[in-house]
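Rule-based calculations on the coordinates, nothing more; no lab input. Quick caveat, the model's predicted, so the values are computed rather than measured. We place every Cβ from the backbone using ideal geometry, glycine too, and count neighbours over all the protein chains shown.
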Amino acid sequence: MEFRHLRCFIVLAEELHFGRAAQRLAMTQPPLSMAIQQLEAGVGARLFERNSRGVALTAAGQTFLPRAQALLEQAAQAAREARDVGQGLAGQLQIGFAGTVLYRGLPQVLRDFSAAHPRLRLALRELSSSEQLVELVHDRLDLGFVHTTRVPAGFSQILVSSQPFVACLPASHPLARRKALALDGLKDEAFAIVMRAVSPDYHDRILAACADAGFEPALGFELRHWLSVVSVIAQGLGVGLVPAALQQAGLPGVIFVPLDRPLAPYDTHCLWRTGRDGGPMGAFLAAVRAAAQPGHHRAHP
């Protein structure tokens, strides 16, 4: 049984006339008769009565008609869905993100993309940058929003945002009202810092910045999330250096103070496997590029 046989059957059932049905199907009557005979042989029952008075559906034909129509509609729907996925209009993407992206970059991308592509489903998973790299390499994520320069070979990236580090202090701290502060002013403080296993780039960068300022920080807390770092500081249990976007979290009890000598910025990159930028991925990457700060797409063979 072939779809062309079903189309011939449905049109003939609607017209009940071989000549008119053949005309609608843009074919001659002999091939139409042959298609109906082949279909009846496949079904194992006569679907039409043919006599001098014309053509009529048999009881078997009447039973078969709605099911044949449903089969053709399902095939047409499957073709539409495949076409929409191919054109980036439908489908699903598995997306990883590090928590701070919620305060810089990702919300705008999601709003713009969802408005333009309501049939594309996004499944988002909060993971550290290190965890995302593992998932990306093993193709368990389609793309990720990471804070690392350690891009695996064969991946492309877009710089989504770049932001400064600021000192995060308890609101009651003596230096909290400064317009800017020198990093060595925190040398005697306990630091809250994101764990190296979670964000090796920025863990090491903070320690290196303290070393450049002439001291080795006492690590009071090593935490999995930047927001946890801010929460600990809000309780008066330490100080830290955090991305400026965390000011948007609105946690009470903390003050963010610029550094008088800025550190290298905290960058957010969107990563995906090079060459897989068609269909839904291409549509999503277009939204990422539209929201990204200037400066930007790089491919790594």
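Taking 2.2 N^0.38 Å as the expected size of a compact globular protein, what ratio does the Cα radius of gyration of the range 160-301 give against it, to two decimals?
Details: Rg = 17.3 Å, N = 142, 2.2 N^0.38 = 14.5 Å.
Against the compact-globule rule of thumb, the ratio is 1.20.
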Looking at the chain, what % of its DSSP beta bridges pair antiparallel, to the nearest 5?
60 percent
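Can you tell me how the range 74-213 classifies by the Cα gyration tensor, rounded, prolate or oblate, using a/c under 1.5 as the rounded cut? Show your work: numbers first, answer last.
Details: a/c = 3.70, a/b = 2.36, b/c = 1.57.
In terms of gyration-tensor shape, prolate.
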Based only on Cα atoms, what Rg/Rh ratio does the range 4-148 have, Rh being taken as Kirkwood's radius?
1.33
What order do you get for V43, V232 when you list them from fewest to most C-beta neighbours inside 10 Å?
V43, V232
Estimate the FRET efficiency between A78 and T28 by the formula 1/(1 + (r/R0)^6), using the beta-carbon distance for r and 35 Å for R0, to the nearest 0.05.
0.70
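Could you grab the Rg to Rh ratio for the chain? Cα atoms only, Kirkwood for Rh. Kindly include the intermediate steps, with their values, before the conclusion.
On the way: Rg = 31.7 Å, Rh = 23.8 Å.
Rg divided by Rh gives 1.33.
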Highest-MSF residue in the chain out of S52, S172, S130 [GNM, Cα springs under 10 Å]
S52
Where a ≥ b ≥ c are the square roots of the eigenvalues of the C-alpha gyration tensor, would you call the range 4-58 rounded, which needs a/c under 1.5, or, failing that, prolate if a/b is larger than b/c, or oblate?
oblate
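Calculate for the chain the 222 nm mean residue ellipticity that helices alone would give, adding -39,500 (n - 2.57) per DSSP H run of length 4 or more and normalising by residue count, nearest 500 deg cm²/dmol.
Numbers: 9 runs with 118 residues, N = 301.
Only helices count here, giving -12500 deg cm²/dmol.
Could you grab the relative contact order for the chain? Cα pairs under 8 Å, six or more apart, rounded to a whole percent.
Details: 524 pairs, mean separation 68.9, N = 301.
With pairs under 8 Å counted, the relative contact order is 23 percent.
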Name the residue, out of A26, A287, A70, whose mean-square fluctuation peaks in a Gaussian network model built on the chain with Cα pairs under 10 Å.
A26
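If you add up the charges near F48, with Lys and Arg at +1 and Asp and Glu at -1, over every other residue whose beta carbon is less than 13 angstrom from its beta carbon, what do you get? Mind dumping the intermediate values first?
Details: positive: R46, R50, R53; negative: E14, E15, E40, E49.
Charge balance in the 13 Å sphere: -1.
Give me the net charge of F145's neighbourhood, meaning all other residues with Cβ under 13 Å from the Cβ of F145; Lys, Arg count +1, Asp, Glu -1.
Details: positive: R104, R125; negative: E126, E131, E135, D142, D267.
Net charge around F145: -3.
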Could you compute the net charge surrounding V239? Neighbours are other residues with a C-beta less than 11 Å from the C-beta of V239; K and R count +1, D and E count -1.
-1
Where the centre of each part is set by its Cα atoms, how far does the range 108-152 sit from the range 49-77, in angstrom?
48 Å
